[in-house]
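Structure record follows, encoded as structure tokens.
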Amino acid sequence: VEKAKALEEAKKEAEQASKAKSEFLSRMSHDIRTPLNGIIGMTYLAEEKNTDPDVKENLAKIDISSKYLLSLINDILDMSKAESGEISLHPAPYSQKDTDDYVKAVIVPLCQEKKLEFIPNYEFPKDQLPLLDKLRMNQILFNLLSNAVKFTPEGGKVTLLFSVKNQANQKAAILIEVKDNGIGMSPEFQKVLFNPFTQEERNDLITPHQGTGLGMAITKKLIERMGGTIEVQSQIGEGTLFSIHLVTESVPVVIAASEASERQEKSEAISFKGEKILLFEDNAINQEIARRLLEEKGARVVIAGDGLLGVDLFKKSEEGEFAAILMDIRMPNQDGYESTRALRSLERKDAKTIPIIAMTADAFQDDIEKAKQAGMDAHLSKPINPQDLYDTLSRFLAPKKPE
């Protein structure tokens with residue numbers, strides 16, 4: 001009996017610890033995503049309006065860096081996803097320019113700061129492009145190259161080889177090598193390098209105890225999720241070489257260009273002219289971003305700064321006046337779940353049918369489930385991707401031709 005009681009207590013404690021961890025990660029994810037939504041959203045709006053090539057280039061670099069930061073939050077804060085192997089991939093045609101733009105924006109400044117020589121080598125076929133997840137590739141490249149920079153003394157050298165070779169049946173063989181002539185790793189550490197939270201304890205470390213010790217573990221998980229392998233060769237005092245081998249689908253360059261052009265045309269063709277949208281959002285910057293994104297496509301936007309006010313605005317509106325509702329979750333006075341349940345319970349026809357779309361920094365899987373259970377029709381995670389917002393609204397609203 002005592003043993004059973006002790007087991008029950010231990011189980012309770014473990015469940016409470018797990019719940020506390022999930023709540024902490026959820027709060028952290030929310031609090032980091034909210035300012036990131038401002039950075040990514042305002043960068044997008046500035047890029048749309050600005051024609052100065054230098055400014056556009058700087059904005060593009062901000063966009064690359066902020067989206068990389070977002071990918072880190074997605075994987076590091078949502079530990080359950082990494083632990084259970086549920087890492088999602090979104091393959092798309094991937095060009096030499098994609099690699100080069102990222103490296104120039106993020107890695108080259110790191111090397112310049114430390115006075116390292118950086119030598120990139122690219123071998124891409126002219127006729128085919130591999131299908132890769134661009135954000136995940138950036139994450140892998142950053143983890144490997146930033147480590148190479150971190151552990152190579154001033155005046156050293158870092159090289160990147162990104163080689164893509166056509167194979168039969170529309171496949172591409174990819175070899176990525178990141179090499180440095182830095183301090184290297186001990187044979188013992190190489191055995192545990194890809195384990196989470198591992199860092200080498202050595203007297204000659206240039207930057208001791210920096211980072212979480214998660215970067216290489218996540219890199220290996222991503223590469224394995226892509227069906228590839230990663231190997232390391234290293235000697236103390238002589239440097240390190242990481243080699244990644246992948247085989248992926250590929251598409252002809254002309255098809256990739258045509259798909260990109262088709263996506264652009266589809267995006268430009270979207271119009272919400274004459275539609276009135278009710279936005280539940282308490283953050284002033286997020287209000288401005290959402291309003292401007294929707295007004296760009298012709299919509300009229302009514303903003304409610306808290307849940308109770310939003311429900312009241314809907315109650316006072318004419319039936320059918322609003323075409324859709326965008327719903328933040330964490331708001332003062334009444335949260336998004338309560339507001340949605342209140343709206344759905346109103347005795348009027350449009351309350352049951354109006355599309356309610358969660359637009360929130362609560363981005364965990366159980367947040368998506370809770371939104372669905374409360375009566376919402378779709379879920380968009382902040383930072384908001386403008387195209388995702390337009391595509392999602394288009395699914396629920398009747399198509400309109402731009403004038």
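The values are calculated or read from the model by the stated rules, or taken from the named source; none is laboratory data. In this text the structure is predicted, and so the values were computed from the model without any measurement. Don't worry about glycine lacking a Cβ; one is built from the backbone with ideal geometry, like all the others, and counts go over all protein chains shown. Keep in mind that these areas ignore ligands, DNA and RNA; they rest on the heavy atoms of the full protein, side chains included. Shrake-Rupley method; radii C 1.70, N 1.55, O 1.52, S 1.80 Å.
In the chain, the calculated helix contribution to ellipticity at 222 nm averages -15500 deg cm²/dmol per residue, counting -39,500 (n - 2.57) for every DSSP H run with n ≥ 4. In the chain, a dipole from Cβ-located charges (positive for Lys and Arg, negative for Asp and Glu) runs towards its positive end, and of 162, 389, 285 it is 389 whose Cα lies farthest in that direction. Cross-link candidates for residue 115: which aspartates and glutamates have Cα within less than 18 Å, leaving aside residues fewer than 8 places away along the same chain? Within the straight-line cut-off, residue 115 pairs with 154, 180. With a/c under 1.5 counting as rounded, go ahead and sort the chain into rounded, prolate or oblate using the C-alpha gyration tensor (a ≥ b ≥ c being the square roots of the eigenvalues; past the cut-off, prolate if a/b is larger than b/c, else oblate). Here the chain falls in the oblate category.
Solvent exposure of residue 24, expressed as accessible area, is near 100 Å², computed with a probe of 1.4 Å over the protein chains only.
Sites count as exposed loop sites when they are trypsin sites (Lys or Arg not before Pro), lie in a DSSP loop, and have at most 11 other Cβ atoms within 10 angstrom; the longest stretch of the chain without one is 127-403. Pairs from the list 67/97; 221/372; 273/370 with a Cα-Cα gap above 24 Å: 221/372; 273/370.
Counting only protein heavy atoms and using a 1.4 Å probe, the accessible area of residue 88 comes to about 50 Å². Considering only 378, 20, 105, the Gaussian network model of the chain with Cα springs below 10 Å gives its largest mean-square fluctuation to 20. Among 158, 251, the order of accessible area from largest down is 251, 158, computed with a 1.4 Å probe on protein heavy atoms. Taking springs between alpha-carbon atoms closer than 10 angstrom, which of 313, 222, 278 fluctuates most in the Gaussian network model of the chain? Among 313, 222, 278, the largest mean-square fluctuation in the Gaussian network model of the chain belongs to 313.
Rounded to the nearest 20, the size of the Cβ-charge dipole of the chain about its Cα centre is 460 debye, with Lys and Arg at +1 and Asp and Glu at -1. Think of each Lys and Arg Cβ as +1 and each Asp and Glu Cβ as -1; about the Cα centre, that makes the dipole of the range 226-323 roughly 260 debye. The aspartates and glutamates within cross-link reach of residue 12, meaning a Cα-to-Cα straight distance under 17 Å and a gap of 8 or more places when in the same chain, are 2, 23.
Heavy-atom accessible area with a 1.4 Å probe sorts 90, 245, 379, largest first, into 90, 245, 379. Given the options 141, 239, 342, identify the residue whose Cα lies farthest towards the positive end of the charge dipole of the chain (+1 on Cβ of Lys, Arg; -1 on Cβ of Asp, Glu). So the residue furthest toward the plus end is 342. In the chain, what % of DSSP beta bridges are antiparallel (nearest 5)? Approximately 60 percent, going by the DSSP bridge assignments. For the chain, modelled as a GNM with alpha-carbon contacts under 10 angstrom, which of 296, 15, 57 fluctuates the most? Between 296, 15, 57, it is 15 that shows the largest mean-square fluctuation. With contacts taken as Cα pairs under 8 Å at a separation of at least 6 residues, the chain carries a relative contact order of 14 percent.
Cross-link partners of residue 5 among lysines, defined as those whose alpha carbon lies under 24 angstrom from its own and excluding same-chain residues fewer than eight positions apart: 19.
When nucleic acids and ligands are ignored and a 1.4 Å probe is applied, residue 160 ends up with an accessible area of around 0 Å².
Which entries in 104/382; 61/114; 126/179; 56/382; 49/179 show an alpha-carbon gap greater than 31 Å? Before the final figure, lay out each step's value.
Values: 104/382 27 Å; 61/114 20 Å; 126/179 26 Å; 56/382 23 Å; 49/179 40 Å.
Checking Cα-Cα distances, 49/179 exceed 31 Å.
The relative contact order of the range 338-388 comes to 38 percent, based on Cα pairs under 8 Å that sit 6 or more residues apart.
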